[in-house]
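The values are calculated or read from the model by the stated rules, or taken from the named source; none is laboratory data. If you're wondering where the values come from, they're calculated on a predicted model, not measured in any experiment. Every residue, glycine as well, gets a Cβ built from its backbone with ideal geometry; the counts of neighbours run over all protein chains shown. Surface areas here come from the heavy atoms of the whole protein model, side chains and all, with no ligands, DNA or RNA. Shrake-Rupley method; radii C 1.70, N 1.55, O 1.52, S 1.80 Å.
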Amino acid sequence: MSYYQKLVGERLYLSPVSDDGLELYTSWVNDLETTLNLQLAAGIISRDKERDMLQKLQDGYNFSIVLKENDQLIGSCGLMDVDLIQSRGEMGIFIGEKSQRGKGFGGEAIGLLLSYAFHLLNLHNVMLRVRSFNEVAQRCYRKLGFREIGRRSECVCIGGRYFDEIYMEMLDRDFTATLPEVRALSDE
């Protein structure tokens, strides 16, 4: 698989989305445990449909999450509905590789994505949506500095039960990290 180190962290890097990971992505988006936290749970996504989705993701601000030590693809993250005039966007992330969940990779990837959003795209506001039952993600987002700004009550129905969708945001002034390349420029 060919991945490129666009944004590099301690243990992982973000690479432009490539259809080299087509088989893994197709497996992940058809795994119910993975997709319950996304809007894909009810979807049936064929290999060809996933290829089309990956092609569309290549045109936006989307990245594959790849481990540095072995170039293993473990997930995806990106910015959607980016409005460069209003300086805002919405982020999304998932760690598809189950064996790599709970190891802090999601938080590290989000840090890189936010550095990209705030320092390169010059966004002022990044928001996200998370389902109320996904407490692990909520803790991660709060730890990174996101704050809850609202809820849409009982708008997600799974198995006959209704759940809230929580809206969270971060402003650029609340994000203190910088890209290593940006730090190097300020040291000159």
How would you order 10-18, 27-35 from highest to lowest mean count of nearby Cβ atoms within 10 Å?
10-18, 27-35
Which FRET efficiency, nearest 0.05, do residue 30 and residue 119 yield, Cβ-Cβ r, R0 30 Å?
0.25
For the range 44-80 and the range 1-20, what is the separation of their C-alpha centers, rounded to whole Å?
10
How big is the Kirkwood radius of the range 109-169, worked out from every pair of different alpha carbons and given in Å to one decimal?
12.6
Quick check on the range 1-53: take the gyration tensor over C-alpha atoms, sort the square-rooted eigenvalues as a ≥ b ≥ c, and tell me if it's rounded (a/c under 1.5), prolate or oblate.
oblate
Does the range 40-109 classify as rounded, prolate or oblate by the C-alpha gyration tensor (a ≥ b ≥ c root eigenvalues; a/c under 1.5 gives rounded; else a/b over b/c gives prolate, otherwise oblate)?
oblate
May I ask you to give the solvent-accessible area per residue for the chain, in square angstrom, as obtained with a 1.4 angstrom probe?
55
Just going by the charge dipole of the chain, with Lys and Arg at +1 and Asp and Glu at -1 on Cβ, which of 140, 57, 85 is farthest out on the positive end?
140
Whole-percent carbon and sulfur contribution to the accessible surface of the range 1-110 (1.4 Å, no ligands, DNA or RNA) stands at 49
Taking amide hydrogens as modeled 1.01 Å from N in the peptide plane, which residues meet the under 5 Å criterion relative to residue 131, leaving out close sequence neighbours?
166
Computed magnitude of the charge dipole of the chain (debye, nearest 20; Cβ of K, R +1, Cβ of D, E -1):
540
For residue 158 and residue 173, calculate 0.36 nm times their separation in residues minus their Cα-Cα distance, and state this gained length in nm to one decimal.
1.7 nm
Rounded to the nearest 500, what is the chain's calculated 222 nm mean residue ellipticity when only DSSP H runs of at least 4 contribute -39500 (n - 2.57) each, over all residues?
-7500 deg cm²/dmol
Just the Cα atoms of the chain: what Rg and Dmax do they give in Å?
16.4, 59
If packing is taken as the mean number of other Cβ atoms within 10 Å per residue, what is the order of 139-148, 59-68, highest first?
59-68, 139-148
Share, in percent, of DSSP beta bridges within the chain that are antiparallel, nearest 5:
90
